[in-house]
Structure formats: structure tokens, C-alpha cells
Amino acid sequence: MNLQPAQPEKLNAWERVILPDVPGLQKIDFYLANGGYKALKKALELKPEEVIEEVKKSNLRGRGGACFPTGLKWSFMPKKSDKPKYLCVNGDESEPGTFKDRQIFEFNPHLLIEGTLIACYAMGMTAAYIYIRGEYGKWIRMLQKALDDACANGFVGDKILGTDFSTHITIHRGAGAYICGEESSLMNSIEGQRGYPRVKPPFPAQNGLWGCPTTINNVETISNIPVIIKNGWKWYSQVGAVKHPGPLLVGVSGHVNNPGVFEMPTGEPLLEIIHKWAGGVPGNKGIKAVIPGGSSTMMLRGDQLEGIRMDVDSLKAAGSSVGTAGIIVMDSDTDLIQVITRITEFYYRESCGQCTPCREGTVWMYKILKRFEQYQAVAEDIDLLMDIANNIEGNTICALGDAAAWPVQSMIRRFRDEFEKRVHESQHRVVA
Ligand SMILES: Cc1cc2nc3c(=O)[nH]c(=O)nc-3n(C[C@H](O)[C@H](O)[C@H](O)COP(=O)(O)O)c2cc1C
């Protein structure tokens with residue numbers, strides 16, 4: 001797995017800004033020597049509402065899965081509050097196929113810290129929590145070192161850079177639950193409660209962490225903030241796709257010669273990402289299926305990828321979504337029944353159990369898929385599976401239920417032949 005921020009030479013026209021090609025950037029001296037913390041200085045010279053306006057006009061959309069406009073989210077925060085306001089930076093990164101935030105922890109942690117500070121200044125927060133996946137021990141240590149250096153250099157803490165702005169940042173490690181990446185479970189987890197999602201409304205901007213106004217943003221989203229402030233909203237909004245602009249960290253895994261995380265502008269053609277950036281499919285095999293944005297996004301047929309681009313509109317039109325831009329490529333020899341069974345097992349095991357459709361539905365989908373996998377399914381099982389998925393979707397407090405239903409629904413819609421073939425093989429199988 002290529003976990004260095006590397007890029008094929010021929011595609012180097014894009015000068016990386018989230019993971020620049022500068023070795024040693026994780027050290028504060030190098031970061032400062034390369035213009036680090038200048039965006040913070042610039043932001044502190046603006047009024048907080050001007051910073052929010054800049055982010056709004058940039059058209060930055062969240063990189064945590066839902067592509068929600070970040071400036072709009074920030075504007076939901078009350079300007080005045082008699083309670084403290086909080087920022088939660090979401091680095092739980094537990095979606096199968098997604099491994100891009102850890103590149104930021106490793107190669108450019110000060111960019112994340114700088115973005116966190118600017119976000120706190122813009123929304124009037126005096127405390128931020130960076131929530132990291134518990135299994136990321138190495139990356140937690142790296143981020144902690146960067147944070148300690150930022151504190152020692154006066155960028156984090158009281159009266160930052162001699163102004164009246166003060167903010168403290170705490171790193172909070174998760175304990176191995178995918179559900180704690182969901183924003184309201186994440187807040188419960190920080191509070192020391194069980195990681196159950198909360199019913200919305202009230203939304204976090206009104207009633208979040210400890211009942212106080214809170215904003216939750218993904219690590220990559222926050223790392224885009226210094227880039228916007230430094231280069232201005234106009235520059236940023238012209239990078240990549242118009243309605244979903246900016247640099248995008250795209251993780252490619254599965255059947256490709258050069259798996260890894262690549263920084264590129266949004267809107268790159270999916271086939272180009274697979275063949276040029278990720279080096280194509282081993283043995284020049286065909287592509288049977290692609291999951292474009294982490295395991296919860298709708299599966300696409302390999303023979304229908306022409307013209308699809310990595311941006312919100314293009315993938316929506318293709319019947320899927322950008323999600324966390326974690327592309328999983330499956331070659332023509334892949335047993336998709338095994339794939340969907342494994343994905344569904346993940347959601348069944350990670351369901352927190354709070355909502356009945358998700359708790360019961362995921363286990364039933366898994367049991368039925370196991371029947372397919374073990375050549376024991378009958379034709380009626382295909383529609384039964386679809387019926388269960390349809391009854392989970394939209395009927396749960398959080399989107400884990402949808403995340404479990406979508407891969408199953410899309411696979412039945414787009415690869416019904418795989419299920420039918422399995423039923424046929426089950427009926428004609430000679431068991432010794
Ligand atoms: C089950 C589940 C797991 C999630 N895991 C993550 C995660 O690991 N990281 C993340 O940023 N967002 C995750 N999300 C999305 C968050 O709830 C939230 O939308 C996101 O952090 C907002 O950040 P953004 O607006 O910057 O994209 C998850 C959502 C669900 C339903």
C-alpha cells in the first residue's frame with residue numbers, strides 16, 4: 001500500500017496543497033519555514049464573520065461523507081451564547097476503504113491544527129476536540145507531538161499571537177467503534193457516555209457537546225481552511241468541480257497496481273483515477289465493480305464508469321456518492337457475493353443496536369447473504385433481501401442504517417445477475 005503522499009509524475013500539474021511535496025512538514029520549524037501559521041495570522045486580522053463569509057464563498061463542502069457546505073454549517077452557530085461553544089474535529093475514520101485523514105496526521109498535522117484554530121476563531125470557540133480513531137496509535141502520537149509544539153510556540157492556548165483570542169485543543173481517542181464517527185455519537189463518546197446517536201433536532205449548533213453549541217467537521221474539511229484563507233475564496237472556488245471545488249484526498253484500494261492516497265482537484269474522471277493515478281488493474285483484467293466513496297456508498301458497475309467524475313453532482317447522477325472518496329476497485333474475477341456479505345457483516349457488527357430496523361435488519365441481511373455465500377439461497381431470497389434493506393433505509397436515528405442498506409440495494413439493482421447465478425449454482429451443485 002502506497003501510504004506516502006506520492007503522485008504519478010505525469011499528473012504532477014496539480015501542485016498539492018493539503019499534502020505538499022515537502023519532506024519534514026510535520027516538524028513545526030519546517031512548517032513555519034514553508035509559510036505555516038500565516039493563514040492564522042491573516043484570519044486574526046479579519047472579523048470572525050468575514051472568515052465565515054470567506055469559507056461560504058469558497059463553496060467548500062465537507063469531506064466527512066455528506067458533502068454538506070461548510071460555510072453554511074458554520075453560519076448555523078449562534079453568534080452570541082451564554083454557554084461555551086465547541087468544535088469537534090472528526091478523525092474517527094473507520095469506514096472501510098477510507099484512509100485519507102491519517103495522511104494528514106502523519107504528513108501535515110500543523111495544517112489541521114491551524115485550520116482548527118481558524119475555525120474556532122470564526123465561530124467564537126475556546127475549546128476544540130480532535131477525535132481520533134483509537135487504533136491510530138502511531139498517528140495519535142504524531143498529532144500530539146505537533147500539538148505540543150504548536151502550544152510551545154504560542155499558537156495554541158491563551159492570547160494567541162498576542163491577541164484576545166484563546167483556544168485550547170484536546171486530542172480524544174476513540175475506543176474502536178465505527179458508530180462514534182457519527183457526529184452525535186462522537187459527542188456522547190467525548191462526554192464519556194455510551195456511543196449512541198442522538199435524535200435530531202435539536203441540532204448540534206443549538207444543543208451539542210454538554211448541551212452547548214457545537215460544530216462537527218471532518219479532519220480533511222478543517223485542513224482546507226488555511227488553504228482557503230491563504231489563497232482566497234476565489235482561487236479555491238475555481239479548483240476542480242464548480243459546485244464541489246477544492247483539492248480532494250482520494251484513497252484507492254482493491255485491485256489496482258498502485259493503491260494509495262492521491263491529492264487531486266475534485267471532478268477527476270473515475271477511470272483516469274483508477275488507470276493513471278492508481279496504475280490500473282493487475283493483469284490488465286476488466287473492472288467488475290467499483291465502490292466510489294467508502295463501503296457505504298452505492299456500488300457501480302465496471303462497464304458503466306465512462307464519464308463519471310469524482311464530484312458530488314457527477315456521482316449523484318450516476319446513482320452513488322462521493323462519500324469519503326475511498327475508491328474500492330474490484331476486478332472481473334471478484335466474487336461480489338463474498339464482498340457484499342463481508343461489507344454487511346461489518347455494518348451488522350457495528351450497529352449500536354439502538355434502532356430496531358438497523359439492529360434486526362443488519363443481522364437478517366447478513367444471515368441471508370450468508371445463505372448466498374454458502375450456496376443455500378433460493379430465488380425468493382433476492383427480493384426478501386431487498387425488502388429488508390428498504391425497510392432499514394430512512395428508518396433509523398442515524399445514517400448507519402442507510403450505510404448498511406445502500407450497498408445491498410445497489411448490488412441487487414446493478415448485479416441481480418450475480419445473485420441469480422448463485423441461486424442457480426446452489427440448485428445444481430453436487431455436494432460430495
Ligand atoms: C456511522 C457513521 C460513521 C461516520 N464516521 C465518520 C468519520 O469517521 N469521520 C467523519 O468525518 N465523518 C463521519 N461520519 C459523518 C459525520 O456524522 C459528520 O457528518 C461529519 O463528521 C461532518 O463533517 P463534514 O461536514 O466536515 O463532512 C459518519 C457518519 C455515520 C452515520
Just checking, how many residues over the stretch 48-106 are in a loop (DSSP other than H, G, I, E, B), away from the ligand (no atom under 11 Å from the Cβ) and more than 12 Å from the chain's Cα centre (by Cα)? 11
For R309, work out the one condition from (1) closer than 29 Å to E345 by Cβ; (2) touching a helix residue (DSSP H, G or I) at 6+ places or on another chain (Cβ under 9 Å); (3) open to solvent by 40 Å² or more (accessible area, probe 1.4 Å) it doesn't fulfil. (1)
Looking at the stretch 20-35 only, could you name the residues that are outside any helix (DSSP H, G or I), in contact with a Phe, Trp or Tyr (Cβ under 8 Å, 6 or more places away or on another chain) and closer than 24 Å to G162 by Cα? none
Mind listing whichever residues of the stretch 218-257 are over 16 Å from S58 (Cβ atoms) and surrounded by 17 or more Cβ atoms within 10 Å (Cβ to Cβ)? V219, L249, V250, G251, V252, S253, G254, H255, V256
Helices (runs of 4 or more DSSP H) contained in the stretch 129-240 and holding at least 2 residues more than 12 Å from the ligand (Cβ to nearest atom) and aliphatic (A, V, I, L, M): 137-152, 219-231
Of the residues that make up the stretch 369-385, is at least one open to solvent by 80 Å² or more (accessible area, probe 1.4 Å), within 20 Å of M298 (Cβ to Cβ) and among the acidic types (D, E)? yes
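The values are calculated or read from the model by the stated rules, or taken from the named source; none is laboratory data. All values derive from a computational prediction rather than experimental measurement. Note that each Cβ is placed from the backbone with ideal geometry, even for glycine, and that neighbours are counted across all protein chains shown. Please note that ligands, DNA and RNA were not included when accessible areas were found on the heavy atoms of the full protein model with its side chains. Shrake-Rupley method; radii C 1.70, N 1.55, O 1.52, S 1.80 Å.
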